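Worksheet for the structure shown next.
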Amino acid sequence: MPTLWRTVLAALTDPTAVDRDQVLALGAADLALNQDSAASSGDVQDIALAEFGVVLGPRAAAAALTARRAHRSR
């Protein structure tokens with residue numbers, strides 16, 4: 001299991017996890033990009049809410065999406 005998803009699972013089980021919202025945002029961005037390579041930050045916000053029960057701000061969603069796109073392009 002990739003490191004991102006281990007971290008996401010840990011964040012889901014520990015509400016006091018360091019950088020929890022950022023980790024969950026990255027997970028949501030990864031899921032959004034799996035569904036559509038042209039995913040938007042709104043898609044990331046929708047997935048974060050539906051899958052993780054977390055409300056992300058637009059900046060957090062956009063930053064996570066940018067980070068996951070950069071990671072995938074390596």
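The values are calculated or read from the model by the stated rules, or taken from the named source; none is laboratory data. Predicted model, so just to flag it, every value in this text is computed and none were measured. Don't worry about glycine lacking a Cβ; one is built from the backbone with ideal geometry, like all the others, and counts go over all protein chains shown. We work out accessible area using only protein heavy atoms, side chains counted, and drop any ligands, DNA or RNA first. Shrake-Rupley method; radii C 1.70, N 1.55, O 1.52, S 1.80 Å.
Ala17 falls short on exactly one of the conditions (1) at pLDDT 95 or above; (2) more than 24 Å from Ser73 (Cβ to Cβ), and that condition is (1). Here Val54 clears all of (1) more than 12 Å from the chain's Cα centre (by Cα); (2) part of a loop (DSSP other than H, G, I, E, B) except the condition numbered (1). No other residue among Ala25, Ala11 is in contact (Cβ under 8 Å) with a residue 24 or more places away in the chain, assigned to a helix (DSSP H, G or I) and open to solvent by less than 30 Å² (accessible area, probe 1.4 Å) apart from Ala25.
Which count do you get for residues in the range 28-48 that are among the acidic types (Asp, Glu), part of a helix (DSSP H, G or I) and free of Cβ contacts under 8 Å to residues at least 24 places away in the same chain? Working first, answer last.
Initially, the range 28-48 is screened for residues among the acidic types (Asp, Glu), giving 30, 36, 43, 46.
When the remaining residues are screened for being part of a helix (DSSP H, G or I), the result is 30, 43, 46.
Going one step further and asking which of them are free of Cβ contacts under 8 Å to residues at least 24 places away in the same chain, we end up with 43, 46.
The total comes to 2.
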